[in-house]
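These notes are about the structure you will find just below.
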Ligand code: 13P
């Protein structure tokens, strides 16, 4: 059985002290349970203090991005091994904000996915369509390309540590959520693609998260879908109360 995973993507919010305080509140409520995987992804500058905040509980740490190279002349970038030194376990890759605002391509994201596995980081690979693509009936073809190209060279063994996040771009930060049925349809298709790539056993073990205006009010219905294994949460991860409620919603279904 797949565990639920609730991950908070703080994006460019929270300085180190604010992050420590948020993690302390989350830990108090859901830091000791192990039924649901709980991950927080602060900005780089908050990772060191956050790694201390999670050292005596079950919360795990994720980064929001990284560079595929091991080291070198890449001003402003951070390597996988640097994240590992801060006890980071997960890394969000290919977020739509990286794709749109920073021009990241599937090929570049693929380099990062491979570098993450080489460094024992679990990639959370984000895929999803824009509103124009959905209206042109291209959702499945867009997601298929993002998965096939983003996962080139990944083995079935690697796939045990792979997480996928389906984030329809039009639902991110807009208050518009995909209906549970719309999300399930894409999640099911994603699992079929993962089955083609890695075989049924591996694909059935991969957590596929939903992201896009997920909040306590809509989480129960989304998490009740067969192929929705958790959430990648933006806005609602910035307040302890809403994030804890999302984790509790997943616990109640575990
Ligand atoms: P919101 O939950 O704010 O819509 O953001 C979703 C997201 O982009 C998570 O990575």
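Read-outs throughout are calculated quantities, based only on the coordinates presented, and are distinct from any laboratory measurement. Please read these numbers as outputs of a predicted model, since none were measured by experiment. We place every Cβ from the backbone using ideal geometry, glycine too, and count neighbours over all the protein chains shown.
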Problem set entry | MRE, 222 nm, helices only [DSSP H, n ≥ 4, -39500 (n - 2.57), over the chain, to nearest 500] | -13000 deg cm²/dmol
Exercise. What's the percent breakdown of Cα-Cα distances in segment 173-223 across 10 Å bins, shortest bin first?
Worked result: 25, 45, 25, 5
For this session: First measure r as the distance between the Cβ atoms of residue 138 and residue 56, then evaluate 1/(1 + (r/R0)^6) with R0 = 41 Å and state the FRET efficiency to the nearest 0.05.
Result: 0.30
Exercise. Does the chain come out rounded, prolate or oblate, given a ≥ b ≥ c as the square roots of the eigenvalues of its C-alpha gyration tensor, rounded meaning a/c under 1.5 and, failing that, prolate meaning a/b above b/c?
Worked result: rounded
Exercise. What distance in nm separates the simple spin-label points at residue 131 and residue 12, each placed 7 Å from Cα in the Cβ direction?
Worked result: 2.3
Problem set entry | Length gained when the stretch residue 44-residue 174 is fully extended (0.36 nm per residue, less Cα-Cα span) | 44.3 nm
Exercise. Zone of residue 181 (label point 7 Å along Cα→Cβ, backbone N under 20 Å): which residues in segment 113-138?
Worked result: 134-138
Seminar exercise, completed: By the C-alpha gyration tensor axes a ≥ b ≥ c (rounded if a/c is under 1.5, else prolate when a/b exceeds b/c, else oblate), the shape of segment 118-254 is oblate
Seminar exercise, completed: Between the modelled labels at residue 74 and residue 145 (7 Å from Cα along Cα→Cβ) the distance in nm is 2.4
Exercise. Using 0.36 nm per residue, how much length does the chain from residue 188 to residue 2 gain when fully extended, once their Cα-Cα distance is taken away?
Worked result: 65.5 nm
Exercise. What length, rounded to one decimal in nm, is gained on full extension from residue 251 through to residue 25, with 0.36 nm per residue of separation minus their alpha-carbon distance?
Worked result: 79.6 nm
